[in-house]
Amino acid sequence: MTVLLVDDQEMIGEAVRRMLADEKDIVLYYCSDPAQAINKALEVKPTVILQDLVMPEIDGLQLLRFFRANSVTRDIPMIVLSSKEEASLKAQAFSLGANDYLVKLPAPIELIARIRYHSKAYMNLLERNLAYKTMQDYLVKLEIEQKKSQELLLNILPEAIAERLKKEQGIIADEFAAVSVMFADIVGFTQLSASILPKQLVHLLNDIFSRFDQLAEKHGLEKIKTIGDSYMVVAGLPNPRADHALAIAEMALDMQEAISDYRDHLGLKLSIRIGIHSGPVVAGIIGTKKFIYDLWGDTVNTASRMESHGIPDRIQITEATYLLIEDKYECEKRGLISIKGKGQMAAYLLNKRL
């Protein structure tokens, strides 16, 4: 326990020192200049302050105000130690923040008891405040970590699916009757990998796919995954939309422009092959680790075949997609192409917006 005595009379300081001399757990500091009392309190950090009311240069009640106005000393217990016994003066001292009032000089046993009582109460307050601050700091850190976790989850899963995953256990699988699926493959990337450093290759691929991510967000599409140098995206889920085919067509044309920009600015022999098909799918999450939101169904397989059987720098679409966008885009009929597992399929090439 640390006691700060503020009194201009040195004999009072000596008297209090003698009273506390045998108390090994109490440290006394004496300040005879009331003008320096605040600074002394900031220096020694007392657990209780004993203060006279009648002092030269500064009124004791005014000093009480100063102690209570200071953010560091406002909670420190204040015991007024005065020769005045008027009830009105005591009431005024209590109204200004005094915690106790003793007529000096009290009996040592009473002074020591009051010092211990108020010091313990103040130390408990400090412990509670520290515990509260620690808890608040923890909650802030927890909120930051939860926000990071949420952002990471939303980078992997659609927001609606992420929310369901928090509440549901087991398989999440939904049927969507009408979506458009796109696969895009960077043509020439395998050959490029033999001519530049692996780290440069990864940085380039990251730049390209980051640009595609921005386009997907712009058009309100859902990126599903990347596989090597291939990019998969879908329109029409998890939130259904009637214009899914138009949205995926816009994305495809913008992706062509993006690759053209990379080719022109970097001088690289890059092109992109895109395949699109529209139809029903099942979308969801399976398994218990390393979740990924994925699609299943014939529509996905057909879109993949449209890409793999396509032409570099062209957007190949099925008849199902063509019928949904023919009024808005110029398309040319490629004719029948042989698709593994599907046989002959009519294919079209999306050229430009009308």
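Hey, among the residues in the stretch 38-77 that are acidic (Asp, Glu) and in a loop (DSSP other than H, G, I, E, B), which one's surrounded by the most Cβ atoms within 10 Å (Cβ to Cβ)? It comes out as Asp52.
Based on what the data block shows, is Ala235 over 30 Å from the mean Cα position of the chain (by Cα) and closer than 21 Å to Glu326 by Cβ? I'd like the intermediate steps shown before the answer.
Working: over 30 Å from the mean Cα position of the chain (by Cα): no; closer than 21 Å to Glu326 by Cβ: yes.
When the stated conditions are applied, Ala235 does not pass them.
Looking at Ser149, Ser180, just one residue is under 21 Å from Phe291 (Cα atoms) and small (Gly, Ala, Ser), and that residue is Ser149.
Restricting the stretch 316-354 to residues that are assigned to a loop (DSSP other than H, G, I, E, B) and among the basic types (Lys, Arg), the residue that is farthest from Leu246 (Cα to Cα) is Lys340.
When Ser180 is tested against (1) surrounded by fewer than 16 Cβ atoms within 10 Å (Cβ to Cβ); (2) modelled with pLDDT of 95 or more; (3) not hydrophobic (A, V, I, L, M, F, W, C), only condition (1) is not met. No other residue among Val48, Val27 is out of contact with any His (no Cβ under 8 Å at 6 or more places or on another chain), within 18 Å of Met123 (Cα to Cα), among the β-branched types (Val, Ile, Thr) and at pLDDT 90 or above apart from Val27. For the stretch 78-104, taking the residues that are in a loop (DSSP other than H, G, I, E, B) and touching a helix residue (DSSP H, G or I) at 6+ places or on another chain (Cβ under 8 Å), the one that is surrounded by the most Cβ atoms within 10 Å (Cβ to Cβ) is identified as Ala98.
Each residue in the stretch 21-37 was checked for being surrounded by 20 or more Cβ atoms within 10 Å (Cβ to Cβ) and in a helix (DSSP H, G or I), and 2 pass.
Consider Ser271 carefully, then state whether it is farther than 19 Å from Tyr329 by Cα, of a type in the set (Ser, Thr, Tyr) and surrounded by fewer than 16 Cβ atoms within 10 Å (Cβ to Cβ). It is false that Ser271 is farther than 19 Å from Tyr329 by Cα, of a type in the set (Ser, Thr, Tyr) and surrounded by fewer than 16 Cβ atoms within 10 Å (Cβ to Cβ).
Within the stretch 105-122, residues that are in contact (Cβ under 8 Å) with a residue 24 or more places away in the chain and surrounded by 16 or more Cβ atoms within 10 Å (Cβ to Cβ) reach partners that are hydroxyl-bearing (Ser, Thr, Tyr) and not in a helix (DSSP H, G or I) with beta carbons closer than 9 Å, at six or more positions or on different chains, in the pairs Ile115/Thr47; His118/Thr47; Ser119/Thr2; Ser119/Thr47; Tyr122/Thr47.
Would you check if Met123 is farther than 18 Å from Glu10 by Cα, out of contact with any Ser or Thr (no Cβ under 9 Å at 6 or more places or on another chain) and modelled with pLDDT of 90 or more? Judged against the criteria, Met123 is not a match. Just one of (1) among the aromatic types (Phe, Trp, Tyr); (2) farther than 28 Å from Ala35 by Cβ; (3) surrounded by 14 or more Cβ atoms within 10 Å (Cβ to Cβ) fails for Tyr138. It is (3).
For the stretch 186-204, which residues satisfy the criterion of being assigned to a helix (DSSP H, G or I) and among the small types (Gly, Ala, Ser)? Ser193 - this is the single residue of the stretch 186-204 that is assigned to a helix (DSSP H, G or I) and among the small types (Gly, Ala, Ser).
Going through Val282, Val300 one at a time, which residue ends up being crowded, with 18+ Cβ neighbours inside 10 Å and either farther than 30 Å from Leu152 by Cβ or of a type in the set (Val, Ile, Thr) (or both)? Steps first, please.
Numbers: Val282 fails: crowded, with 18+ Cβ neighbours inside 10 Å.
Matching residue, one of Val282, Val300: Val300.
Return the residues of the stretch 81-117 that are more than 20 Å from Leu61 (Cα to Cα) and of a type outside the set (Gly, Ala, Ser); say none if nothing qualifies. Passing the criteria: Pro106, Pro108, Ile109, Glu110, Leu111, Ile112, Arg114, Ile115, Arg116, Tyr117. Cβ-Cβ contacts under 8 Å between residues 6 or more apart (or on different chains), taken from a first residue in the stretch 330-353 that is on the phi > 0 side of the Ramachandran plot to a second residue that is surrounded by 11 or more Cβ atoms within 10 Å (Cβ to Cβ), are listed as Gly335/Ala346; Gly335/Ala347; Gly341/Asn301; Gly341/Arg305.
In contact with a helix residue (DSSP H, G or I) (Cβ under 9 Å, 6 or more places away or on another chain) and assigned to a strand (DSSP E or B): which single residue out of Ala178, Ala173 fits that description? Let's see the steps before the verdict.
Values: Ala173 fails: in contact with a helix residue (DSSP H, G or I) (Cβ under 9 Å, 6 or more places away or on another chain).
Matching residue, one of Ala178, Ala173: Ala178.
The values are calculated or read from the model by the stated rules, or taken from the named source; none is laboratory data. If you're wondering where the values come from, they're calculated on a predicted model, not measured in any experiment. Cβ coordinates were reconstructed from backbone atoms using ideal geometry, including for glycine residues, and neighbour counts include every protein chain displayed.
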